[in-house]
Amino acid sequence: MKTILITGSTDGIGKLAALKMAREGHRLYLHGRSSEKLKGLIAELKKRNRQ
């Protein structure tokens with residue numbers, strides 16, 4: 001497991017990278033300009049990792 005910082009994680013390539021790396025079990029620090037989008041992404045990551 002690695003600790004990874006992803007900037008621009010709420011859209012596009014950053015979001016896809018976050019989804020993939022979370023699925024692989026890495027610890028992520030996410031950064032984005034929109035706190036609402038970040039909250040949504042975090043909720044999505046938690047939901048996907050519970051399944």
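We did not get these values from a lab; they are worked out from the coordinates using the rules stated. All values reported here derive from a predicted model rather than from experimental measurement. Here the Cβ positions follow ideal geometry from the backbone for every residue, glycine too, while neighbour counts run over all protein chains shown.
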In sequence order, what are the phi-derived ³J(HN,Hα) couplings for region 13-27 according to the Karplus relation 6.51 cos²θ - 1.76 cosθ + 1.60 with θ = phi - 60°, rounded to whole Hz, with x for glycine and proline? 4, x, 5, 4, 5, 4, 4, 5, 5, 5, 4, 7, x, 7, 8
Per residue of region 42-49, what does 6.51 cos²θ - 1.76 cosθ + 1.60 with θ = phi - 60° give for ³J(HN,Hα)? Whole Hz please, x for Gly and Pro, Karplus curve as stated. 4, 4, 5, 4, 5, 5, 5, 7
Excluding same-chain residues fewer than 8 positions from Lys2, which aspartates and glutamates have a Cα within less than 18 Å of its Cα? Glu24
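What is the chain's relative contact order, in percent, from Cα pairs under 8 angstrom and six or more apart in sequence? Present the calculation step by step, with values, prior to reporting the outcome.
Working: 58 pairs, mean separation 20.2, N = 51.
Once divided by the residue count of the chain, the mean separation gives 40 percent.
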Could I have the simple spin-label model distance between Asn49 and Leu19, label points 7 Å from Cα toward Cβ, reported in nm to one decimal? 1.6 nm
Built amide H within the under 5 Å cut-off of Ile4, gap 5+: Arg27, Leu28, Tyr29
19 Å Cα-Cα reach of Lys39 towards lysines, excluding residues that sit fewer than 8 places from it in its own chain: Lys15, Lys20, Lys47
Which whole-angstrom value gives the distance between the alpha carbon centres of region 4-29 and region 30-45? 11 Å
